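Chemist: Below is one structure. I have some questions about it.
The values are calculated or read from the model by the stated rules, or taken from the named source; none is laboratory data. Just so you know, these numbers come straight off a predicted model, no measurement behind them. Cβ sites come from the backbone with ideal geometry, for glycine too, and all protein chains shown count toward neighbours.
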Amino acid sequence: LGLSGSSELSPLCSIFYLMSVSVLERTNILKRKFLTLLFVKTKWRLCCVSVSYVERCQQHRWRCAAVTFTCPDGGLCQSWVGAIAEQLAAITSRPRRLLIYINPYGGKRQGGRVYEQKVAPLFAQAAISTHVIVTEHANHARDHLRTDAELKKYDGVVCVGGDGMFSEIVHGLIWRTQMDSSLDPNSPDETLTSCSLRIGIIPAGSTDCICFATVGTNDPVTSALHIIVGDSQPMDVCSIHHNNTFLRYSVSLLGYGFYGDVLTDSERKRWMGPVRYDFSGLKMFLTHHYYEGTVSYLPARGVVGTPRDAARCRSGCVVCQHNGPKPSERAEKYETDDCGETIRGKFLAINAASMSCACPRSPKGLSPAAHLADGTTDLILVRKCSRFDFLRHLLRHTNKEDQFDLNFVEVHRVVRFRFMPRHCQSDSDLELDLLENGKRQIFGQICRDHPACGCAPAYSSWNCDGEILTHTAIDVRVHCRLIKLFARGIEESCDAHPYRGKPKFVF
Ligand SMILES: Nc1ncnc2c1ncn2[C@@H]1O[C@H](COP(=O)(O)OP(=O)(O)OP(=O)(O)O)[C@@H](O)[C@H]1O
Ligand SMILES: CCCCCCCCCCCCC/C=C/[C@@H](O)[C@H](CO)NC(C)=O
Ligand SMILES: [Ca+2]
């Protein structure tokens, strides 16, 4: 690679290619200097080659940088470009055609601008062809994916928006895949077919928890570069049913009580933008509602790792590799009475975190040791306690202390669970409760069920990845690695990485 040339001079011909680190290692000159080469641009008249590559920056952010190589011999220069092009063409993991959905109303309503200014130029440079759809209403993307989209034409689907927008893509793709496999999504016992298309997230929402927990930062350029280099991160998905009827899928937080109430309240305040969650969070904390019900669950068996581990799910996670689905594995039938555990009680919050749920508001997440692709979800039960104690628990979402080391909090790593609010319990269950708890409980329940009393409500709603569920009694099952993202998991100690920073050249 040689000859100098000015990038200001317009090239006779420009070619953009993609290249992987394996090519760099073979060239030797560049070894250890770049993370991943991205594009190669030739300027035939001047015999120079411009190479774009990914550079790691602080806090898991990636940036695109470029270097121009010049060569005194035009033929040699072209042979380098040819060799690089050949290598790049051989990399099948990089997407060439993407279907992109932009939510113009997510987060601070900047989705369109973010895509046009920061992402589209990178995709163009990387010779990725795109079909862009700006959504016109909620569920536009989901319904288009379910029935209309010609998925064979694409190597991946990208959403520009927040967790709600991502959820639409997940629902559309999973539904379409099950229909194509003639599977019944209404059966909670069905073993679902994994989606073949990867999903990319360009964060432009309010929480962007899925992007943050799979990449380590909410930065549109970083996400675009993970898509360009063709990363792949499998992810668990929970299916949620009510009486053998499919309700929704969840990949991050499924929360009843506190997080359900925060979401319900915050939806009425969308005009506030992302700050609505803080406002509603404070309001619901002060309201301090608790809810009665029964949780039954199937603990994860034969897996490594627990929700109290110090180790975190990181890029190339060994726990996920160990616990991933075995080819012979079949869905475990769930008969609550004989193989599940059952807990009755009064809860301020019931949370199921299928991954850490880390986000800028809670950098470690609601379950810091949860895994992206281990086939389990962490079921966190926060029992009725004082406001002071609940605040201690909430504050631990934001600091380094163990949020489960409190006597009113318990956590279980599970593969399936059910919740039945007390007002839905059978007569025999209610009689049992009355016997257990005595007469004061009877009047307490009557009071809660009677709106005129103005006291605590009988039931909350579920926050399912930022969407409100209409049913309270639900049956949840984890499907190991049902979807794949254009991500690689959070990279370990990125700030101390030897490749970080500007490369120094040694010729
Ligand atoms: N054109 C549209 N008009 C109105 N709503 C839309 C449109 N397109 C998508 N939506 C809906 O907007 C909701 C919120 O979008 P999104 O998730 O992108 O942002 P957010 O709620 O601000 O962020 P987060 O989910 O990260 O908190 C989604 O549930 C989606 O279904
Ligand atoms: C005493 C004040 C407490 C304030 C609590 C504020 C809320 C913290 C938000 C942490 C949420 C982490 C889990 C993410 C869930 C997402 O799926 C969802 C959709 O984006 N976001 C929310 C906020 O429900
Ligand atoms: Ca998991």
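Chemist: Name the single residue, out of those in the range 403-413 being more than 16 Å from ligand 2 (Cβ to nearest atom) and within 22 Å of the chain's Cα centre (by Cα), that is surrounded by the most Cβ atoms within 10 Å (Cβ to Cβ).
Modeler: Ranking the qualifying residues of the range 403-413, first place goes to R413.
Chemist: Within the bounds of the range 208-216, is there any residue that is in contact (Cβ under 8 Å) with a residue 24 or more places away in the chain and not in a helix (DSSP H, G or I)?
Modeler: Within the range 208-216, one or more residues are in contact (Cβ under 8 Å) with a residue 24 or more places away in the chain and not in a helix (DSSP H, G or I).
Chemist: Something else now. For the list (1) modelled with pLDDT under 95; (2) under 24 Å from T191 (Cα atoms); (3) not charged (D, E, K, R), I need the number of the one condition that V295 fails.
Modeler: (1)
Chemist: Restricting to the range 341-379, and then to whatever is within 13 Å of ligand 3 (Cβ to nearest atom) and not in a loop (DSSP other than H, G, I, E, B), can you tell me which residue is farthest from D236 (Cα to Cα)?
Modeler: L379
Chemist: Being within 30 Å of M165 (Cβ to Cβ) and without any contact (Cβ under 8 Å) to a residue 12 or more places away in the chain is the requirement here; does R94 meet it?
Modeler: no
Chemist: Regarding the range 182-195, can at least one residue be identified that is of a type in the set (G, A, S) and either part of a helix (DSSP H, G or I) or within 16 Å of ligand 1 (Cβ to nearest atom) (or both)?
Modeler: no
Chemist: Same structure, new question: Within the range 256-305, track down each residue that is aromatic (F, W, Y) and within 30 Å of G111 (Cα to Cα). Quick ask: steps written out before the conclusion?
Modeler: At the first step, the residues of the range 256-305 found to be aromatic (F, W, Y) are 256, 258-259, 271, 277, 279, 285, 290-291, 297.
Once the filter is applied, which keeps residues that are aromatic (F, W, Y) and within 30 Å of G111 (Cα to Cα), the range 256-305 yields Y256, F258, Y259, W271, Y277, F279.
Chemist: Scanning for something more than 16 Å from ligand 2 (Cβ to nearest atom) and more than 20 Å from L99 (Cα to Cα), does the range 193-215 turn up at least one residue? Reasoning before the result, please.
Modeler: Applying the first criterion (more than 16 Å from ligand 2 (Cβ to nearest atom)) to the range 193-215 yields 193-198, 200.
Next, only the ones that are more than 20 Å from L99 (Cα to Cα) stay: 193.
Yes: the range 193-215 contains one or more residues that are more than 16 Å from ligand 2 (Cβ to nearest atom) and more than 20 Å from L99 (Cα to Cα).
Chemist: A further question follows. Mind listing whichever residues of the range 356-402 are among the β-branched types (V, I, T) and away from ligand 2 (no atom under 11 Å from the Cβ)? Show your work before the answer.
Modeler: To start, the set of residues in the range 356-402 that are among the β-branched types (V, I, T) comprises 376-377, 380, 382, 398.
Passing the criteria: T376, T377, I380, V382.
Chemist: Looking at (1) touching a strand residue (DSSP E or B) at 6+ places or on another chain (Cβ under 9 Å); (2) away from ligand 2 (no atom under 16 Å from the Cβ); (3) more than 17 Å from I227 (Cβ to Cβ); (4) in a loop (DSSP other than H, G, I, E, B), find the lone condition where H144 falls short.
Modeler: Condition (4) is where H144 drops out.
Yes or no, residue by residue, for (1) in contact (Cβ under 8 Å) with a residue 12 or more places away in the chain; (2) surrounded by fewer than 18 Cβ atoms within 10 Å (Cβ to Cβ); (3) closer than 15 Å to V237 by Cα; (4) within 16 Å of ligand 3 (Cβ to nearest atom):
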{"residue": "G162", "(1), (2), (3), (4)": "yes, no, no, no"}
{"residue": "V170", "(1), (2), (3), (4)": "yes, no, yes, yes"}
{"residue": "D184", "(1), (2), (3), (4)": "no, yes, no, no"}
{"residue": "L192", "(1), (2), (3), (4)": "yes, no, yes, yes"}
{"residue": "S196", "(1), (2), (3), (4)": "yes, yes, yes, no"}
{"residue": "G200", "(1), (2), (3), (4)": "yes, no, no, no"}
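Chemist: Considering only the range 346-379, how many residues are crowded, with 17+ Cβ neighbours inside 10 Å, without any contact (Cβ under 8 Å) to a residue 60 or more places away in the chain and either more than 16 Å from ligand 1 (Cβ to nearest atom) or not small (G, A, S) (or both)?
Modeler: So the count comes out to 2.
Chemist: Filter the range 266-312 down to the residues that are over 20 Å from I350 (Cα atoms) and not in a helix (DSSP H, G or I) and list them by number.
Modeler: Selection gives R268, K269, R301, G302, V303, V304, G305, D309, A310, A311, R312.
Chemist: Scan the range 136-157 and give yes if some residue there is touching a Ser or Thr at 6+ places or on another chain (Cβ under 6 Å) and farther than 22 Å from Q117 by Cβ, otherwise no. Full working, then the answer.
Modeler: We begin by selecting, within the range 136-157, every residue touching a Ser or Thr at 6+ places or on another chain (Cβ under 6 Å); these are 141.
Those left that are additionally farther than 22 Å from Q117 by Cβ: none.
Scanning the range 136-157 turns up no residue that is touching a Ser or Thr at 6+ places or on another chain (Cβ under 6 Å) and farther than 22 Å from Q117 by Cβ.
Chemist: Return the pairs, sorted by first residue and then second, in which the second residue is within 16 Å of ligand 2 (Cβ to nearest atom) and among the polar types (S, T, N, Q), the first residue lies in the range 294-323 and is closer than 20 Å to P363 by Cα, the beta carbons are less than 8 Å apart, and the residues are 6+ apart or on different chains.
Modeler: Here the result reads P307/S367; R312/S356; C313/S356, each pair linking the range 294-323 to a residue that is within 16 Å of ligand 2 (Cβ to nearest atom) and among the polar types (S, T, N, Q).
Chemist: I need the full set of residues from the range 95-106 which are within 9 Å of ligand 1 (Cβ to nearest atom) and either closer than 9 Å to T135 by Cβ or surrounded by fewer than 21 Cβ atoms within 10 Å (Cβ to Cβ) (or both), in order please. Let's see the steps before the verdict.
Modeler: So in the range 95-106, the residues within 9 Å of ligand 1 (Cβ to nearest atom) come out as 101-106.
The answer is Y101, I102, N103, P104, Y105.
Chemist: Looking at (1) within 16 Å of ligand 1 (Cβ to nearest atom); (2) more than 16 Å from A353 (Cβ to Cβ); (3) under 14 Å from the mean Cα position of the chain (by Cα), find the lone condition where I210 falls short.
Modeler: Of (1) within 16 Å of ligand 1 (Cβ to nearest atom); (2) more than 16 Å from A353 (Cβ to Cβ); (3) under 14 Å from the mean Cα position of the chain (by Cα), only one is false for I210: (2).
Chemist: Right, another one. Test A149 against the stated conditions and say whether it is farther than 29 Å from P274 by Cα, crowded, with 20+ Cβ neighbours inside 10 Å and within 16 Å of ligand 1 (Cβ to nearest atom).
Modeler: Spelling it out, A149 is indeed farther than 29 Å from P274 by Cα, crowded, with 20+ Cβ neighbours inside 10 Å and within 16 Å of ligand 1 (Cβ to nearest atom).
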